[in-house]
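So the structure is just underneath, and the comments pick up after that.
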Amino acid sequence: MFGSHEVPNELRRRLSITSAAVVVALLLLVLRLWALQIVQGEEMSVLSENNRIRMRRMAATRGRIVDRHGKVLVESEASYDAILVPEDARDLEGMVETLAQYLDQSTAETTAILERAAGRPRFQEIVLKRDLAWEEVVAIETHQTELPGVTVNVTPKRYYPEGVSLAHVLGYVGEVTREDLERSKTYRSGDLIGKSGLEQVFDGKLRGVNGGRHVEVDALGRELRVLDKVDATAGQTLVLSVDLDLQRAAEQALGNRVGAVVALDPNNGDVLAMASHPSFDPNLFNGGIRQTDWKELVDHPRKPMTQRAFRGQYPPGSTFKFVVAAAALEEGTINPFTGIHCGGSHRLGRRNFRCWRAGGHGRVNVVQALAQSCDVFFYQVGQKLGIDTIARYARAFGLGAPTGIVLGNEKGGIIPDRQWKLDNMKEPWYPGETLPVAIGQGYVTATPLQMAHAVGGLAVGRRYRPRLVLRTEDVEGTIVETLPAELVSGLDIKASVLDEVRQGLVQVVNSSGGTGRNAAVEGIVVAGKTGTSQVVTLGRKRIKALDMPWQHRDHAWFVAFAPAEAPEVAMAVLLEHADGGGGKVAAPVAGAVLNEYFRLKQLRGPSRYVQN
Amino acid sequence: MFRIDRRLAANIEWPLLLLTVLLVGCGLMTILSATYNEAQPFSSHFIKQAIWAGAGFAGLLIAMIFDYRLLHRYGYVVYVAAVFLLVVVHVAGTDGGGARRWIGLGPVSLQPSEFMKIAMVIVLATNLHRWAGGAYLSLRKLLAPIALFVVPGFLILRQPDLGTTILLGLVAFSVLLVAGLRLRIVLLAALVVGPALPVAWQQLKPYQQARITSFLNPQADPLGAGYHVLQSKIAIGSGMVHGKGYLQGTQNSLHFLPEQHTDFVFSVFAEEWGFVGALVLLGLYAALILRGLVIASKAKDNLGALLAAGLIATVFWQVFINIAMTSGSMPVVGITLPFLSYGGSSLMALLTSIGLVMNVSMRRHVY
């Protein structure tokens, strides 16, 4: 029927209420527009005519990095920067000329900075020079009228109080590049971001959130008043597992020698110290590293930018023998009482493989073979095990693959087996190649971090991923995030076998014929293993290290854990092209670091160290 | 079915069509100004939008002539198709501005979330029309509508597009409200949740707040957004009573305004036409919305009533949120102004919506 409705009354009632609500809502909008356009209209017109509202960014203070006891490793300080809003400079070229009188920076450099900033949004400020000297700040402030558009801004800069210490781990910061900006939307031009190390990996947490002020400026670009303000949020603090005192001891023990020292807590993977020498000063990168400084770092023959602790791969030499010993005992190739005669060399086919001791060791069992680092014992054992079994056990100890430390570009070393040879050299494995592998030579390589990780695995029977950062905290010190210890895997080797191998390593340091007696610490039973890995094959000659060119000298190794009965620290020391074998030069370094570890422990009381 | 009855032709809803044409005209005019430069007065944005308007009116015609009661049978099909398009966006969509919202089809790109708004209204009207106007909706009857919202809501949130997700929720809520959601429950919920939200927000530390906002809307720079709103307020306010005149807006021409042809098109309009112009524009919207609600209450059946009310609610919420946002009374969530903001899919969807409302209106006397 015409004009009749089938929609229920209740529905129509609700639609009427809705109509009323719509009218009220739209009237609210009218009210709002009346406030903006009529009440505040004049004020807004003035602002719009002058286009004098600027947004000044307030850089967030980058978070600190502290050691496990709260000692500062990296912090932020105030830096006075010269900034420019080009739209406020009436005569840009003239301004650049004038500026050269007051700033220690050539017109060419300034022009280059301006060219790089091309294409930025209008009225966005450009940083002309960071970290001004006090005279420069005063000069700009007093000559403000000659320099329209130029102002001095206070921003945080990075300060590394320890200088070269731990630099490879901490990394450094630098200004975002155009590529960075394209990669991530969270960056703004002029931001300082982490470029390497922890600064880079934890950039998101350290960086904080920039704030800003909407300010009204005069014709010279000077602030007249602040319209509103969003405070910057400071970045989080990183609390590292590193103990700065132990780190210093490690660096001191290394001294001027090229190499690396890693100390881990095998019970949770904490990195207690990680030194790599030579190092660099991350403070140099503040406000852009100078070309000459950069060239010097890159061209240095000893490569200070190289992080040797986890990017340097070296043949592990005799330190590898504990892996082979564990494999042989577990596989039943030998038992603890199996004796093998060492006559100074071992013949396979037409080749003669020598023991490091020309006269031989006589009859030795596995513990003695480890203690005296008898090569012939391990040639024979290795030959029986075969390359694939050795490789399997090496991988069980975490070798041949990165340990998973948070820092980027970690190297994984090489653990060769048949398949590896086929894949990489397109050749089958020859039996004669197994023997060098059994004493950690040949194709085997590992990083110092891997060796510390592996010996720590032996010490406690399981492996944890190396942990550098314990937790992050906000500015008030409240914990934001705790990074738990991460168990990688158990060793899956009989406890009796591990005990036997550990006993061998105890004898290395504590028996009269042991090769690592230089690592002994008073009152503590240290277990360790020496290693001397050849860089070049010398054939029949035995030459003293100091008589060879530096780059041909052997690498000296020492791996250790202590106390042997209840291990709480595992270490690896590597000296590149050292002036002596592992027992002579690397063991004392480990001994010095362990000594300091236990001295500090006694000083602080045991509870300070237990942290999971 | 598609034959146009003479009786139907006599019932064409002219007032609604006229209001729509006026608003689309305002939109084209403002986009021309927002993207104007002397070298090339007719910007590519303007030309594209004009073409889309033409296509949109064709869409309006199609949406008007079929019998909307077919939706009894095909409502869910429309819904499933729209959700499918959202899934396609996830799998094969194109990215822009840090989000993935578009499907590229040769020279044009479609934004399926715009069409999802219509599909949402259709499916809810189909689902709820049996109960509308009767007893209050029981909790059990609410389960299906909530599920119908959650699926596309989640897909759109993941794009990420917080604004459209909120809008979709408001539209669904509006249909439920009209269909018979118990007002007391709504008020109670609003009373409890409303004040609790800001309190809870205050309890969070700044970095936590930043984490949440950046999770919901990763491409937003909180600082930049503040700058945009300030510039938008200056633009609107400086229009004063009579405005600066067409093509005379300075905030806009100096590119102080961000996205001046999309989210912030109202600022351009208000700067050039002043308070008087804004009143006229709001008047046009008010007339369109109220007329739509009248059509809803005069509809032949519940399906038609819910359909018209829901589609009009979409227009209302967008107008309200967009103007509140550009005038600095609400956080910037990226919702466009109906008929005025640049955007082909949006205009197309809006004109189709109007066509559907006209469809309902035309058939109010037909059995």
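Inside segment A:120-170, residues that are within 26 Å of A:GLY208 (Cα to Cα) and not in a helix (DSSP H, G or I) make up a count of 29. If you filter segment A:457-480 down to residues that are in contact (Cβ under 8 Å) with a residue 24 or more places away in the chain and within 11 Å of another protein chain (Cβ to nearest Cβ), you find that the one that is nearest to the chain's Cα centre (by Cα) is A:THR472.
Against the test of being within 30 Å of B:VAL280 (Cβ to Cβ), under 22 Å from the mean Cα position of the chain (by Cα) and modelled with pLDDT of 95 or more, the options B:LEU22, B:LEU28 yield a single qualifying residue, B:LEU22.
Among residues of segment A:445-494 being among the hydroxyl-bearing types (Ser, Thr, Tyr) and farther than 25 Å from A:SER533 by Cα, the one that is surrounded by the most Cβ atoms within 10 Å (Cβ to Cβ) is A:TYR464.
Among the candidates A:GLU125, A:GLU162, A:GLU135, the residue that is out of contact with any Phe, Trp or Tyr (no Cβ under 8 Å at 6 or more places or on another chain) and modelled with pLDDT under 85 is uniquely A:GLU125.
Please find, within segment A:358-384, the residue that is surrounded by the most Cβ atoms within 10 Å (Cβ to Cβ) out of those that are free of Cβ contacts under 8 Å to residues at least 40 places away in the same chain and more than 16 Å from A:PRO336 (Cα to Cα). Result: A:VAL376.
Identification of helices (runs of 4 or more DSSP H) wholly contained in segment A:357-407 with 1 or more residues that are basic (Lys, Arg) yields A:375-385, A:387-396. Restricting attention to segment A:301-318 and to residues that are touching a helix residue (DSSP H, G or I) at 6+ places or on another chain (Cβ under 6 Å) and part of a helix (DSSP H, G or I), the residue that is nearest to A:GLY400 (Cα to Cα) turns out to be A:PHE310.
With respect to being of a type in the set (A, V, I, L, M, F, W, C) and part of a loop (DSSP other than H, G, I, E, B), A:VAL262 falls outside the description.
Residue pairs whose Cβ atoms lie under 6 Å apart, sitting 6 or more positions apart in sequence or on different chains, and linking a residue in segment B:39-56 that is more than 16 Å from B:HIS261 (Cα to Cα) and part of a helix (DSSP H, G or I) to a partner that is at pLDDT 90 or above and not basic (Lys, Arg), are B:GLY56/B:LEU347; B:GLY56/B:MET348; B:GLY56/B:LEU351. Residues in segment A:112-136 that are farther than 21 Å from A:PHE285 by Cα and without any contact (Cβ under 8 Å) to a residue 60 or more places away in the chain: A:GLU115, A:ALA118, A:GLY119, A:PRO121, A:ARG122, A:GLU135. Of the helices (runs of 4 or more DSSP H) that lie entirely inside segment B:263-367, those containing 3 or more residues that are at the interface with chain A (Cβ under 8 Å from one of its Cβ atoms) and at negative phi span B:265-297, B:302-326.
Restricted to segment A:421-430, and to residues that are exposed (fewer than 12 other Cβ atoms within 10 Å of the Cβ) and assigned to a helix (DSSP H, G or I), which residue is nearest to the chain's Cα centre (by Cα)? Step by step, filter segment A:421-430, then rank; the result is A:ASN424.
When A:THR403, A:THR389 are checked against the criterion of being under 26 Å from A:PRO448 (Cβ atoms), touching a His at 6+ places or on another chain (Cβ under 9 Å) and surrounded by 17 or more Cβ atoms within 10 Å (Cβ to Cβ), a single residue qualifies: A:THR403. Close contacts from segment B:277-294, counting a first residue that is within 24 Å of B:VAL175 (Cα to Cα) and a second that is among the acidic types (Asp, Glu) and crowded, with 18+ Cβ neighbours inside 10 Å, with Cβ to Cβ under 9 Å and a gap of 6+ residues or different chains, come to B:ARG291/B:GLU13. Checking A:LEU238, A:LEU206, A:LEU198 one by one, the residue that is under 16 Å from the mean Cα position of the chain (by Cα), farther than 30 Å from A:GLU43 by Cα and in a strand (DSSP E or B) is A:LEU238 and no other.
Restricting segment A:274-303 to residues that are among the acidic types (Asp, Glu) and over 17 Å from the mean Cα position of the chain (by Cα) leaves a set whose member that is surrounded by the fewest Cβ atoms within 10 Å (Cβ to Cβ) is A:ASP299.
Would you call A:PRO336 in a loop (DSSP other than H, G, I, E, B) and at pLDDT 90 or above? Answer is yes for this residue.
Name the one entry in A:VAL173, A:VAL217, A:VAL209 that is touching a Pro at 6+ places or on another chain (Cβ under 9 Å) and closer than 30 Å to B:VAL229 by Cα. Testing whether each residue is touching a Pro at 6+ places or on another chain (Cβ under 9 Å) and closer than 30 Å to B:VAL229 by Cα leaves just A:VAL209. Only residues that are surrounded by 14 or more Cβ atoms within 10 Å (Cβ to Cβ) and out of contact with any Gly (no Cβ under 8 Å at 6 or more places or on another chain) were counted across segment A:93-108, and they come to 8.
Condition check ((1) of a type outside the set (S, T, N, Q); (2) facing chain B (nearest Cβ under 7 Å); (3) in a loop (DSSP other than H, G, I, E, B)) across all residues:
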| residue | (1), (2), (3) |
| --- | --- |
| A:ARG12 | yes, yes, no |
| A:SER19 | no, yes, no |
| A:VAL22 | yes, yes, no |
| A:MET44 | yes, yes, no |
| A:GLY63 | yes, no, yes |
| A:LEU73 | yes, no, no |
| A:SER76 | no, no, no |
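The values are calculated or read from the model by the stated rules, or taken from the named source; none is laboratory data. The shown structure was predicted, so the numbers you read here are calculated from the model rather than taken from an experiment. When we count neighbours, we look across all protein chains shown, and the Cβ atoms used for this are built from the backbone with ideal geometry, even at glycine.
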